[in-house]
Amino acid sequence: MSGSLAARSLRSVWHPCTQMKLHEEEPPVAIARGEGAWLHDVEGKRYLDGISSWWVNLFGHSHPHIKAALADQLERLDHVMLAGFTHAPVVELSERLAALTGLGHAFYGSDGASAAEIALKMSAHFWRNSGRPAKSRFVGLAGGYHGETVGALAVTDIAIFREAYAPLVRLAATVPSPDARGAQPGESASDVAGRCADALEAWLNEHHHETAALILEPLVQCAAGMAMHDARYLRLARALCDRYEVHLVVDEIATGFGRTGTMFAHQQAGIRPDFICLSKGLTGGTLPLSAVLTTDSVYEAFYDDEAARGFLHSHSYTGNPLACRAALATLEIFEQHDVLARNAVLARTLDDAFAPLTRHARIRHARRLGMIWAWDVATSLPDFSRRYHRHAMAHGLLLRPIGRTIYAMPPYVLDGQAVQWLAQGALAALQATLGEEKSPA
Ligand SMILES: Cc1ncc(COP(=O)(O)O)c(C=O)c1O
């Protein structure tokens, strides 16, 4: 049965981020249902979702509270366009996000890339409305990832995603990443942050007249391979953006909703950004939704008699009531279950369980922030990631390394058995993969 669904999928579905020809060897896994941290395939085999299905799932699959909220919402209102109309879920969600972040105006999109583009457009349009149209360029961090639509690719600095499309894109500038792994002998993570902030300052000093915004992933550049940096960089970047009159856009699409230990990563630096992009965990991993939050002063620059000074952007499903209701249910779970404190305990349990992997002789730069773990592997295997993924799946575990970096970003609901399954499977998959170095398959 799985074979037939996989075969039909290969005939009719173009899968994302995939060289389809590779599926000749390994067909896609047909999943029949998800429950808690587990995905069950059509043949009854189960896989622990160690990466929360591309970092979206927070409280496990098919969470009863979110399901009940969605069922209730379906009885009331499935969708209405948000231009000229409003509804309770979008209003309540906007109020709650404002209370959580201090940014009181929420604009909605459908996915992470659209949120990144909305923030960039809003920033440049703000400067235009403020009589400074030259400020229309952007700067991001080396290795930054903000999505793969043409506008988002402009600030995504990952060669494999960008190369083929570079001629379509108005590339943004990049400044050095404060990735703590880049520390020179004797340097601390905070020193790296300071050095990279100096490079940002040098760049802004020269280009601020034409720069609308700096966009970055706070504390963890996830797609770069869970590159982590010191919170000091965010404080220094905030100060520089203030000094040079450049917006600071924090892309919390992957880091938001408790992933880094606080509700939002930038809060660990005690800063207030001009824009926050949210998606992924916003709906607990059930429905696509994104939001861009911004300040009163940005909002007011668009408030005018003239239509052309308004923010001209829309998606058909902007503010979809079902997605907003899923987001509200997600925030209720945070409130009712003291999630951040419980995650801190779970993370220490996972640290202990991962200790044998962390101590493995081939591991470099073992690191964790909140509920994100990463280990770089010293290996010569060029296709390490694919091989490791295959072995992990054989152990009933969904893990997909980025290059030679294994990482885990599990849902927040692992019980003792799931913790052991994840940690033991991650180590076993490493041993099996390294075993192929001598006898390549
Ligand atoms: C930091 C960050 N920004 C933006 C995106 C793009 O989100 P989406 O895949 O929903 O377009 C991602 C996706 O991984 C991300 O990690």
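Simple rule: put +1 on each Lys or Arg Cβ and -1 on each Asp or Glu Cβ in the range 257-371, find the dipole, and look at 295, 276, 360; the Cα lying farthest toward the positive end is 360. Spin-label pair residue 312-residue 75: with each label point 7 Å from Cα along the Cα-Cβ axis, the two points sit 4.4 nm from one another.
Rounded to the nearest 5, what % of the DSSP beta bridges within the chain are antiparallel ones? The antiparallel fraction comes to roughly 65 percent. Share of antiparallel DSSP beta bridges in the range 186-306, in percent to the nearest 5? In the range 186-306, approximately 45 percent of DSSP beta bridges are antiparallel ones. Spin-label model, residue 181/residue 9: points 7 Å from Cα along the beta carbon direction are separated by 2.9 nm.
Under a point-charge model restricted to the Cβ atoms of Lys and Arg (+1) and Asp and Glu (-1), what is the dipole moment magnitude of the chain relative to its Cα centre, in debye to the nearest 20?
Numbers: 40 positive and 46 negative charges, 193 e Å.
It works out to roughly 920 debye.
Please get the size of the charge dipole for the range 1-128, origin at its Cα centre, with Cβ charges of +1 on Lys and Arg and -1 on Asp and Glu, quoted in debye to the nearest 20.
Details: 11 positive and 14 negative charges, 43 e Å.
For this selection, approximately 200 debye.
The label point for residue 424 and the one for residue 86, both projected 7 Å from the Cα toward the Cβ, are 5.4 nm apart. When the surface is traced with a 1.4 Å probe over the full set of protein chains, residue 81 keeps roughly 110 Å² accessible. Amide H contacts for residue 219 (H built 1.01 Å from N in the peptide plane; partners 5 or more residues away or on another chain; cut-off under 5 Å): 229. Projecting the Cα atoms of 86, 410, 202 onto the charge dipole of the chain, computed from C-beta unit charges around the Cα centre, puts 410 farthest toward the positive end.
These residues, 80, 91, 155, go from largest to smallest accessible area, 1.4 Å probe, as 91, 80, 155.
Translational diffusion of the chain, estimated by Stokes-Einstein from the Kirkwood radius over alpha carbon pairs at 20 °C in a medium of 1.002 mPa s, is 94 µm² per second. In the chain, helical runs assigned H by DSSP with n ≥ 4 each contribute -39500 (n - 2.57); averaged across all residues and rounded to the nearest 500, the mean residue ellipticity at 222 nm is -12500 deg cm²/dmol.
Below 10 angstrom from the Cβ of residue 213, what's the summed charge of the other residues (Lys, Arg +1; Asp, Glu -1)?
Here the charged neighbours net out to +1.
To the nearest 10, the accessible area of residue 17 is 80 Å² with a 1.4 Å probe. The stretch between residue 336 and residue 45, if pulled fully straight at 0.36 nm per residue, gains 101.5 nm over its current Cα-Cα span.
Can you work out the FRET efficiency for the pair residue 132 and residue 165, with r the C-beta to C-beta distance and R0 = 30 Å, to the nearest 0.05?
Details: r = 29 Å, r/R0 = 0.98.
Once the sixth-power term is evaluated, E becomes 0.55.
Taking Rh as the Kirkwood radius computed over C-alpha pairs, what is the Stokes-Einstein D of the range 217-313 at 4 °C in a medium of viscosity 1.567 mPa s, expressed in µm² per second? Working shown, then result.
Working: Rh = 14.7 Å.
Rounded, D is 88 µm²/s.
Computed 3J(HN,Hα) for the range 91-108, one whole-Hz value per residue from the Karplus formula 6.51 cos²θ - 1.76 cosθ + 1.60 where θ = phi - 60°, is 5, 4, 5, 4, 5, 5, 5, 5, 5, 6, 10, x, 10, x, 10, 10, 10, 10, glycine and proline marked x. Residues 407, 317, sorted by accessible area with the largest first, give 317, 407 [1.4 Å probe; ligands and nucleic acids excluded].
How big is Rg to Rh over the range 79-202, alpha-carbon atoms, Rh as the Kirkwood inverse-mean-distance radius? List each step's numbers first, then the result.
Working: Rg = 18.3 Å, Rh = 17.3 Å.
When Rh is taken as the Kirkwood radius, the ratio is 1.06.
The values are calculated or read from the model by the stated rules, or taken from the named source; none is laboratory data. Bear in mind that the values here come from a model prediction, so they are computed numbers and not experimental data. All Cβ positions, glycine included, derive from the backbone under ideal geometry; neighbour counts span all protein chains shown. With ligands, DNA and RNA removed, areas are computed over all heavy atoms of the protein, side chains included. Shrake-Rupley method; radii C 1.70, N 1.55, O 1.52, S 1.80 Å.
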